[in-house]
Structure formats: structure tokens, C-alpha cells
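One structure is given here, and the rest of the page talks about it.
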Amino acid sequence: MQKWEVVEGNLASPRGFRGAAVAARIKKKHGELDLALLVSDAPAATAAGVFTTNLVAAAPVLVSRQNLAESRGRCRALLVNAGNANACTGRQGLHAARESTRAVAKLLNLTPAQVLVASTGVIGVPLNLSLVTSQLPELVARLSIENASAVARAIMTTDTFPKSCVLRSEAGGKPVYLAGIAKGSGMIHPRMATMLSFLTTDALVGPRTLQNLLRAAVDVSFNCITVDGDTSTNDTVLAWASGVAGAGVRPGNASWAWFLEGLTELCRNLARMIARDGEGATKLILVEVEGARKPSDAERVARAIANSPLVKTAVAGSDPNWGRILCAAGYSGAVFDPNKVDIRVNNLLLCRDGVDAGFDEAAARKELDRKEVVLRLDLHQGSATAHIWTCDLTHGYITINASYRT
């Protein structure tokens, strides 16, 4: 089995998939792509999903959870819209989500339980079902490998660029592909158990195995990013395996580790793109914590720092205010000795043993001027580590979110 490598392609590069997108006038700006369909032509295709942990879950989340369970992971289609989250819309929202699955199923000769749905956009506004159903025949007619490229653009809201990645490897002399797209720019703090990601592969993976692999990959990727600390009502990561490549993935042998490596790399690449594209962001920040007593302490410290508005604004202004970093670590709930903490920006030491390390101010500002910044903390308490990706906080975030609904 070969290492995974990044290649050109789209969500249908793994064999057995087709996709398409149209402008259904769901977004306020008419003419923008906002409705997409992804289909697996493989009858034995499997699916898995990880969803938001927010108690206020959107209608498409509820319906997709139900359909995955009812079909026992044998779903073959996804309908996704942008511009309307179909969240906090009561019975009307559930009706719209369910009718969408029925309409797609009828056109594709599937059962409604084989169709998953996802939405992103404004919360609390009813989704106009007719805008969706009227475009379904056109969507089905456009389904192709080439048109699958448009799906990544159709799910964008405040994103500034489409997020996609394709990986290739070989198993038993056969090429195997993994592909994924994602959207997300604000309301990003998944803790998944508004961010969307859809993944495809032509490997042969059973539904339970795919679910376990997906959850493991999500835990070290999408669950390790934050833009603003808000967990969306619509967070969804869905994965499909067509099996067309014939390369089987089974627990307990080398195929499991090989596939998990690729799936994790794919998810991490997409997660970094989301953090980099945070609303109003100018810098990607990686918070690395080492030397914690236990993993939960390391994670608490990393999340507190990554979510701190004071830390994020300091990075935005290239201000080496390491005291804000230590302050966030202190209120994280983790147990450590403040007098043993070292803090670095990239490789430049700012704080040693909890006090100023006597660094050069100009050098520190130069480090923080980079488009990618690493904030490193060594607690010197043990061997546990954690990492979280985030972004800086600028005036742009306020500009975007002050009028998002209107």
C-alpha cells in the first residue's frame, strides 16, 4: 500500500460518483450556485455521518441522522443547499427536509431513507420547498463527474474560496481515491460528535467500519478547529464509500491504518482551510500545547487560547502580548504550575518559567506578521499534547456578522 498523495480532481474523482449544482434562488444574490446533488451509482455504496452536538439541531441534521439509521448506512444520494439553514423552523422545516428526500428518491429510483440532506445559511427562516423541488429534474440531468466540481462552490456562504482536496494511493496495484469538500467561515467550533463537509472514496468499506473511521478522523481534524467558539446547529460531516476500486478496508489489519491515515490527512487539510478562511481572518493560527499532565488538560488549554478574543486580536495586530496567552491557559480549568510555563511564537521564546523571557520586540512582531502563526506552550507537567487551529480576529468579522441576516 502506497502513501497518500494530493492530486487534482473533485468530489467525483473516486469512481462511482457524480455531482451537479444549480442556482435555485435560495441565496439572496440570484445567479449564485446554491443547490447541489451528489449521487453514488454503486448499488452497494455505504455512508456514515457525524453531526453537531448542539441541542438545537437543524431539520436536515435530524432527517439525515434518521435516514442513516433506517438505511443502516446504505445511503446513495445527498441534496445540499446554501443560503438557508432550515434550522429553528419547526414542523415546516422537517416537512421541507423530508419532502426533499422523497422528491430526490423518486427521480433516482431510491428509497427516501437512501437520501441525505444538508443545509447552511440563515437560521430561523423557513426554506421555500418549491425552490428546491423545481430544480431537481435539472440537477439530475446535469449529474456528471465533471459537474461535481461545482458542488464545492454551491455550498459556500461567507466563504471566500471553495474548499476541496483529493488524495490518491494504491492498494494491491489498484488506484484508490479519497476526495472531500467543506464549507465554513463563521460559527465554527464543531465539537461534532455552520460547518459542512462531504467525503467520498472508491475503497470498499462497510458501514460500521466507515462510521468508526470517520469519527476517528473527525476527532483530530474538524473537532480541532475554532473560529469564534460558536457550535452551529447544522454541523455535518458525511462520508460515502462506493467500493468500485475493490480495495477492502477491514479492522485489525494494515488496510485500516492505511485508510485512516488518508482519511485523517483529507479531513485535516479541509479543516485547516476552514480555519484559514475564518470570517475576516488574515492569519491561520495553530495552538500547540505540550507537557500537560493529561490529554484533557492539554485540550482545555489549547481551546481556551484558540477561543480567546484577546489572543486572536493580539495576533491580528502582531502584538506579542504573551500575557493574554498565559491568562487564557489559567482560566481553562486545566491544572498546571504557572511558574513553569514556556511560551513561544513560532520558535521565538516569549515567556520562560511564567515570566518575560527578554525577547526582541521587533523580532516578535516579525514572527506574528506571518500568514501562518504557531503559538506553542510547554506546561512542563507531563507528556500530554493537544493542538487546535484557529484564526485571528479582525474588524472584518464584525462587518460580516453585524448584517448577516439582513
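The values are calculated or read from the model by the stated rules, or taken from the named source; none is laboratory data. All values reported here derive from a predicted model rather than from experimental measurement. Glycine gets a Cβ as well: all are built from the backbone with ideal geometry, and neighbour counts include every protein chain shown.
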Lone unmet requirement of (1) over 27 Å from the mean Cα position of the chain (by Cα); (2) buried (at least 17 other Cβ atoms within 10 Å of the Cβ) for Glu299
(1)
Checking Ala217 against (1) part of a helix (DSSP H, G or I); (2) modelled with pLDDT under 90; (3) among the small types (Gly, Ala, Ser), only one condition comes out false. Which one?
(2)
Exactly one condition in (1) crowded, with 24+ Cβ neighbours inside 10 Å; (2) within 19 Å of the chain's Cα centre (by Cα) is false for Pro162; which is it?
(1)
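Of Ala47, Ala96, Ala36, which residue is modelled with pLDDT of 95 or more, touching a Cys at 6+ places or on another chain (Cβ under 6 Å) and either buried (at least 24 other Cβ atoms within 10 Å of the Cβ) or among the aliphatic types (A, V, I, L, M) (or both)? Spell out how you get there, then give the answer.
Details: Ala96 fails: touching a Cys at 6+ places or on another chain (Cβ under 6 Å); Ala36 fails: touching a Cys at 6+ places or on another chain (Cβ under 6 Å).
Only one candidate passes the filter, namely Ala47.
Please tell me if Ala292 is more than 30 Å from Leu196 (Cα to Cα), surrounded by 22 or more Cβ atoms within 10 Å (Cβ to Cβ) and at pLDDT 95 or above. Walk me through how you get there before you give the answer.
Working: more than 30 Å from Leu196 (Cα to Cα): yes; surrounded by 22 or more Cβ atoms within 10 Å (Cβ to Cβ): yes; at pLDDT 95 or above: yes.
Answer is yes for this residue.
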